[in-house]
Amino acid sequence: LALLKRQVRTREIKPGKSVQKWKVFRDASEAREALGLQSNSLAVLDALLSFYPENELRQEAQLVVFPSNAQLILRAHGMAGATLRRHLALLVEAGLIVRKDSANGKRFARKNNTGEIENAFGFDLSPMLARSEELALIAQKVVAARSAFRKAKENLTICRRDVRKLISAAMEEGAEGDWVAIEAIYVELVARIPRSPAMGDVAGVLDEMELLREEIINRLDNQENSQISSTNDAQFER
């Protein structure tokens with residue numbers, strides 16, 4: 001049913017629409033995980049696009065490519081046949097290509113008297129043209145999420161460094177407070193960071209680490225203000 005819906009959708013491309021094929025490929029590459037694809041899937045898609053002679057996918061063009069498995073394997077860097085078939089199925093399932101089968105299941109093109117392709121059977125690239133805006137939007141979201149994740153990890157690293165330095169300085173200078181207990185809280189927070197953290201892991205620990213840093217700074221500020229006040233009283237007495 002999903003395949004049939006996609007086939008209907010490819011026939012609803014607005015007239016005159018076109019897009020650079022490698023731009024759509026880059027967007028699909030960025031959106032790989034969201035589409036449920038693997039790196040080998042992209043290698044197969046790259047190979048399929050290489051069989052399309054023009055740089056632009058156009059609504060009025062013939063968008064079916066019909067390479068044999070042997071040709072695809074060569075352009076997919078010697079990928080095994082079973083692997084090739086699996087990733088072709090993933091591309092179909094992801095809605096990036098549609099199979100256009102002939103009566104005997106072969107891939108070929110039928111040409112007219114002038115040598116132009118009249119009908120072709122193989123893999124239809126129309127879904128990439130139809131979904132170009134959607135793929136671009138998914139890619140933008142993926143890039144934004146990656147940037148936010150990188151920034152969150154950087155902020156967590158900086159916050160961890162700050163807290164560690166503040167605790168060490170407080171202990172070395174004999175500041176009042178149970179710094180051993182505070183250090184234990186810090187160690188417990190650091191231990192909660194997985195080896196390969198997700199955004200939720202980093203964001204959760206970062207929030208608590210920032211609160212701990214703020215609490216430590218407030219304690220040290222209060223203690224410093226208290227010491228300054230005591231010194232002023234002594235100066236007034238003298």
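The values are calculated or read from the model by the stated rules, or taken from the named source; none is laboratory data. Please read all numbers here as calculations on a predicted model, not as lab measurements. Neighbour counts run over all protein chains shown; Cβ positions are idealised from the backbone, glycine included. Only protein heavy atoms, including side chains, enter the accessible area calculation; ligands, DNA and RNA are left aside. Shrake-Rupley method; radii C 1.70, N 1.55, O 1.52, S 1.80 Å.
What a 1.4 Å probe finds exposed on the chain is 50% carbon and sulfur by accessible area, rounded to a whole percent. Taking amide H as placed 1.01 Å from N in the peptide plane, the amide H of residue 100 sits under 5 Å from that of 122, 123, 124, each at least 5 places away or on another chain.
Just check the chain against the gyration tensor rule for me: Cα atoms, a ≥ b ≥ c as the square roots of the eigenvalues, rounded for a/c under 1.5, and otherwise prolate or oblate depending on whether a/b exceeds b/c. Prolate, since a/c reaches 1.5 and a/b exceeds b/c. Between residue 140 and residue 164, the modelled label-to-label distance comes to 3.9 nm, taking each label 7 Å out from Cα in the direction of the beta carbon.
Solvent-accessible surface of protein heavy atoms, probed at 1.4 angstrom with all chains present, puts 102, 39 in the order 39, 102, largest first. Stretching the chain fully between residue 71 and residue 26 yields a gain of 13.9 nm (0.36 nm per residue, less the alpha carbon separation).
According to the square roots a ≥ b ≥ c of the eigenvalues of the Cα gyration tensor, what is the shape class of segment 145-236, taking rounded for a/c under 1.5, prolate for a/b larger than b/c otherwise, and oblate for the remainder? Note, shape of segment 145-236 comes out prolate. Solvent-accessible surface of the chain, averaged per residue with a 1.4 angstrom probe and all protein chains in place: 61 square angstrom.
The helix-only estimate of mean residue ellipticity at 222 nm for the chain, built from DSSP H runs of length n ≥ 4 each weighted as -39500 (n - 2.57), is -21000 deg cm²/dmol after division by the residue total.
Highest mean first, the peptides 170-176, 204-210 sorted by other C-beta atoms within 10 Å per residue fall in the order 204-210, 170-176.
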